[in-house]
Amino acid sequence: MSLVTKINETRDYLNLKGIKEPEFGLILGSGLGELADEIENPIVIDYNDIPNWGKSTVVGHAGKLVYGDLSGRKVLALQGRFHFYEGNPLEVVTFPVRVMKALGCQGVIVTNAAGGIGYGPGTLMTITDHINMTGNNPLIGENLEEFGPRFPDMSDAYTAEYRQIANRVAQELGIKLEGGVYIGVTGPTYETPAEIRAFKMMGADAVGMSTVPEVIVAAHSGMKVLGISAITNFAAGFQSELNHEEVVAVTEHIKEDFKGLVKAILGQL
Ligand code: HPA
């Protein structure tokens, strides 16, 4: 089955389940999935029940699609995403973004937990731009002409208008919101200190194992993107050791600010 046929099949399945014309997609990273619990009039669908959809395997990622109302907007939220390091092909990693577009989403808010290069644990950061260090690209292969061009422009992948709104809303709420460049790697290893020194010289402010493939696919089809990183640790070399438990614990700490911020931003987009 071609990718477009799969996308359409999944769109039709979700339409039949009552998911009609979401305005915004919401991709919730490690430990940030709770925001989906605040969606009103929810339709919740287990990933395992959705045709052509991947399977989520990481602790802290629930594996549910939640559709409904949040801040007066119709949203389609992914509680748990697919990572390349789980062995998923990038087609699977980015499939939900394709389906969001097919359902009619005009924009997507992509969130993640990330290591800070300069910024410390507990920082919330809008992604101003990214560096794709994965050595891969989800658009390799036949181009989906009905979604976008062969050679997409990435100059404004992280939509400036959305970032301005995010900054204004953060200021109104008294939540500190930094901005910076996200460098995307495959994982599952954390980086070496030498890699982090190199990334710093390249201009990166945060490092993580997601987001880049999804944003490439969103940009390809002209979707507007807001990226938000929750910095959970200093990247390798800036602190003595790294582990997933710390990432989960710090996320636990910032998630109230995170949830409040995303909800308020959504109301203004
Ligand atoms: N590196 C990569 N991914 C991450 C990190 C990190 O330090 N922290 C949370 N996700």
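The values are calculated or read from the model by the stated rules, or taken from the named source; none is laboratory data. In this text the structure is predicted, and so the values were computed from the model without any measurement. Cβ: placed from backbone, ideal geometry, glycine included. Neighbour counts: every protein chain shown.
Of the residues GLU245, GLU256, the single one that is without any contact (Cβ under 8 Å) to a residue 40 or more places away in the chain, charged (D, E, K, R), part of a helix (DSSP H, G or I) and away from the ligand (no atom under 15 Å from the Cβ) is GLU256. Scan segment 82-103 and tell me whether some residue there is farther than 16 Å from VAL207 by Cβ, among the basic types (Lys, Arg), more than 16 Å from the ligand (Cβ to nearest atom) and not in a strand (DSSP E or B). Within segment 82-103, one or more residues are farther than 16 Å from VAL207 by Cβ, among the basic types (Lys, Arg), more than 16 Å from the ligand (Cβ to nearest atom) and not in a strand (DSSP E or B). All conditions but one from (1) under 15 Å from GLU214 (Cβ atoms); (2) of a type outside the set (Lys, Arg); (3) surrounded by fewer than 21 Cβ atoms within 10 Å (Cβ to Cβ) apply to VAL108; the one that does not is (3). Screening MET202 with (1) on the phi < 0 side of the Ramachandran plot; (2) touching a Gly at 6+ places or on another chain (Cβ under 9 Å) gives one miss only, at (2). Condition check for ARG98 on (1) farther than 19 Å from TYR182 by Cβ; (2) surrounded by fewer than 24 Cβ atoms within 10 Å (Cβ to Cβ): one failure, at (2). Only one of the numbered conditions (1) out of contact with any helix residue (DSSP H, G or I) (no Cβ under 7 Å at 6 or more places or on another chain); (2) touching a residue at least 60 places away in the same chain (Cβ under 8 Å); (3) assigned to a helix (DSSP H, G or I) is violated by ILE265, and that is (1). ILE43 meets all of the listed conditions (1) buried (at least 16 other Cβ atoms within 10 Å of the Cβ); (2) aliphatic (A, V, I, L, M); (3) outside any loop (DSSP other than H, G, I, E, B) but one, namely (1). Just so you know, in segment 169-222 the residues that are of a type in the set (S, T, N, Q) and without any contact (Cβ under 8 Å) to a residue 24 or more places away in the chain include one that is nearest to the ligand (Cβ to nearest atom), and it is THR189. Looking only at segment 4-37, filter to residues that are surrounded by fewer than 18 Cβ atoms within 10 Å (Cβ to Cβ) and either within 16 Å of the ligand (Cβ to nearest atom) or modelled with pLDDT under 95 (or both); which one of those is nearest to LEU269 (Cα to Cα)? Across segment 4-37, the extreme among qualifying residues is GLU21.
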